[in-house]
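Have a look at the structure below before the remarks.
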Amino acid sequence: MENKDILDEQSSVNTEQPDNVTEETTAAESNTPTTDEAVTINGGMAEEAQSDEASASDATARELAELKDKYVRLYADFENFRRRTAKEKLDLIGDANKGLLLALLPVVDDFERAMQSLETTSDVAALKEGISLIYNKLYKTLESKGLKPMTSKGEPFDADLHESVTQFPAPSEDLKGKVIDEIEKGYYLNDKVIRFAKVIIGS
């Protein structure tokens, strides 16, 4: 009889244990935080990380927009510079001879007066003097613009300066390989050859 009572007590204890386990499990589950709660418990790091990523993305977008704006402005400035330079170049080419022509107009006026004098005067000496004066005026005007004649006669032949037309026997030994006559004078413009001298070389 006593054994039966002990068994009944044990079975009642055994049947009560699952209820305790269930209660403990439910309590443990209820104490488990959700994802949002975990984020809150951890100080909101996930939201801050997302906020940092969003601000970094915004900063990158702003920087990209600024760089694009700078590129567009720079490209526009370059196009304007290129057009302006091309226009200035065309203007410079168009006006390149303006100064020279203005300087030559007085010489042209003198020639016109000389041509009129040819019809009315018979004084050859006066005509020669007038033409000589006009020639000197023209020569000085061209010199003032940088034109300089080339001295070739008696100089050694130089292919960079001279254009050989023909060869003749040299009148003396020291003139062999040198320019013995000049058919057409050569000219420099500011120390740059603009016309080669046509010469005869002694052989």
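Values as computed for the structure displayed
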read-out: Global form of the range 148-203, assessed from the alpha-carbon gyration tensor, a/c cut-off 1.5; value: prolate
read-out: Net +/- balance of residues flanking Phe81 in space, Cβ distance below 13 Å, scoring K and R +1, D and E -1; value: +3
read-out: 18 Å Cα-Cα reach of Lys178 towards lysines, excluding residues that sit fewer than 8 places from it in its own chain; value: Lys153, Lys198
read-out: Relative contact order, percent, the range 148-203 [alpha-carbon distance under 8 Å, six or more residues apart]; value: 46 percent
read-out: For Ala170, residues with placed amide H under 5 Å, excluding near neighbours; value: Ser203
read-out: Net charge of neighbours whose Cβ lies under 15 Å from the Cβ of Asp174, counting Lys and Arg as +1 and Asp and Glu as -1; value: +1
read-out: Taking Glu182, Glu53, Glu119, Glu163 and counting other C-beta atoms within 10 Å, the order from fewest to most; value: Glu119, Glu53, Glu163, Glu182
read-out: Cut-off under 5 Å, modelled amide H: who pairs with Lys153 long-range; value: none
read-out: Sorted by Cβ density within 10 Å, fewest first, the residues Lys148, Lys68; value: Lys68, Lys148
read-out: Sum of side-chain charges, Glu184 neighbourhood, beta-carbon under 9 Å (Lys, Arg +1; Asp, Glu -1); value: +1
read-out: Two-site FRET efficiency, Asp52 against Asp77, from Cβ-Cβ distance with R₀ of 41 Å, rounded to 0.05; value: 0.65
read-out: Set of lysines with alpha-carbon distance to Lys89 below 20 Å, sequence-local pairs under 8 removed; value: Lys98
read-out: Using a Förster distance of 41 Å, the FRET efficiency for Ser117-Lys89 (Cβ separation, nearest 0.05); value: 0.40
read-out: Packing-based exposure ordering (other Cβ within 10 Å, fewest first) of Ile183, Ile200; value: Ile183, Ile200
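Each reported figure results from applying straightforward, stated rules to the coordinates on display, with no laboratory input. What you see is a predicted model; the values in this text were computed from it and never measured. Using ideal geometry, Cβ is built from the backbone for each residue, glycine included, and neighbour counts are taken over all protein chains shown.
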